[in-house]
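Chemist: I'd like to ask you about the structure that follows.
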Amino acid sequence: MSLFSVNTNLGALAALQSLDTTQQQLTEAQNEVSTGKRVGSAADNPAIYSISNTINANIAGLSAVSDSLNFGSQVVSTASTGIQSVIGELTSLQQTATNSGTSGIDLQTLQSAVTNTIASIDTFAQKATFNGVNLLDPTVAAGNTGSASVVQSLDGGVYTIQNQGLATDAAATSLSQALGISNLNVTNPGYAVTFDNNLSLASFSSLATGSTLSSPANASFQITTGTGATQKTFAFEFTDNNPAGTTTPTLQTAQDANTTIVDVQINTATESTNQIVGALINSVRGAGFSVSQNTDGSLNLTGSDTLGQTISNVQFGNANAGTFSATTGLGVDIAASTASTTAAYIATIQQALTSANKISANLGAASQQITGIQNFTTALSSALTAGVGALTDADLASESARLTSLQTKQQLATQSLSIANKQPQSLLTLFQGL
């Protein structure tokens, strides 16, 4: 093709192509500078764009996880504040109970203080609620919350904080009942239940053969409240779930409306006598009475029934045979403990303090767990953000230099095109004078 053609200007075509290429690169550079992104759409780099979208979705998910953890942290913090107030009230209650041993003290006045303190404990538990979630009051928990669950990971994993009132006593309807002090009464004598070396599995059924409780000889621990027409009986009957037993005892039917039968489920095949005593303690507390266990294994019982009647007698024996006595001869001795009532009250409150401190420790552990997950979530989100930035962010220093270079090339290409467009005009000189 002739270089002196007016139909095809090769120089102009070359300059135009160079200018077009430079303009495309200049547009890309300007987009990167203005957005700060090297990969801003799938057209820029399909693989990187897909990966970055996935990472960005994970970052958004971690933000939701962080919000959930913040919620859980506030729930635990609210419960921790509540239990600290409860511990303060229990400390005050111990001081009040100690005064009951002072000669000439007005026990009715002390009882009024005890009742008010117990009411305050339940109020603190009920008020320790954050956005409808309560980790102290078992009544609220039974209603609609139960426990607090927070999302702790991108895969939907959940960290659950159990309601501490229910964890302490699954049958409790108030925190004071869960702590074993709901019916603490300093105006009535306590009862001491002592277990000696003769205590064995046979002690829980006077007609048992070997280690198997045989129906209908249910062993029973009996608490009587009130006297005369207002007398009420609480019979805590042991039922054995031992698979080796030929017959599983069934609960005896209450003889009248003033008798309450409470099932104490045990398993003589797997449980020790201490575990069976523990099951009895939980059942007695579940019925609303105050009971604590001393270091020697003996029990202190105080309190009253739902009508406010204090304990009038405690016995052990065989429910079906109707044989109840204070001394069974099978390792269990029961006696009124008027002289040591103050010590029994203090032991009960100290047991409640131990349970409250355990609740506080559990909430503290939950708080540490949540804080640890929060720190990890923040670090992971930062790492993912840095990662997606490394994949998609533009190097603005490099792009600045590139932009300057492309602008210069654009000017040169424009100048070259201008020159090429003028070349065909020089051919007119060949035709001058014709």
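Every number here is computed from the coordinates shown, using simple stated rules; none is lab data. For clarity, every value in this text was computed on a predicted model and none was experimentally measured. Heads up, the Cβs are rebuilt from the backbone with ideal geometry, glycines too, and the neighbour counts pull from every protein chain shown.
Chemist: Which ordering of I87, I419 is given by a fewest-first count of other beta-carbon atoms within 10 Å?
Modeler: Result, fewest neighbours first: I419, I87.
Chemist: Now for a different question. Taking neighbour counts of Cβ atoms within 10 Å as a proxy for exposure, in what order, fewest first, do F130, F316 appear?
Modeler: Exposure proxy ranking, most exposed first: F130, F316.
Chemist: Specify the inter-centroid distance of region 151-168 and region 267-284, based on alpha-carbon positions, in whole Å.
Modeler: 29
Chemist: Then there's this: Most exposed first by the Cβ proxy, i.e. fewest other Cβ within 10 Å, how do S220, S174, S426 rank?
Modeler: Lowest to highest Cβ neighbour count: S426, S174, S220.
Chemist: Now a separate question. Quick one: Cα centre-to-centre distance for region 353-388 and region 59-106, in angstrom?
Modeler: Value for the Cα centre distance between the two parts: 19 Å.
Chemist: Please give the peptides 352-362, 283-293, 382-392 ranked by average Cβ packing (other Cβ atoms within 10 Å per residue), highest first, as a rough proxy for protection.
Modeler: So the peptides 352-362, 283-293, 382-392, ranked by packing, come out 283-293, 352-362, 382-392.
Chemist: I want to check the label-to-label distance for Q23 and N375. Put each point 7 Å from Cα in the C-beta direction and report it in nm to one decimal.
Modeler: With each label placed 7 Å out from Cα toward Cβ, I get 5.8 nm.
Chemist: Provide the net charge surrounding K127, with neighbours chosen by a C-beta distance below 14 Å and charges set as Lys +1, Arg +1, Asp -1, Glu -1.
Modeler: Spelling it out: positives minus negatives among the neighbours equals -3.
Chemist: I'd like the FRET efficiency for A42 and K358, computed as 1/(1 + (r/R0)^6) with the beta carbon distance as r and R0 of 60 Å, rounded to 0.05.
Modeler: It comes to 0.60.
Chemist: What net charge is computed for the residues neighbouring G61, neighbours being all others with C-beta under 14 Å from the C-beta of G61, Lys and Arg scored +1, Asp and Glu -1?
Modeler: Residues close to G61 contribute a combined charge of -2.
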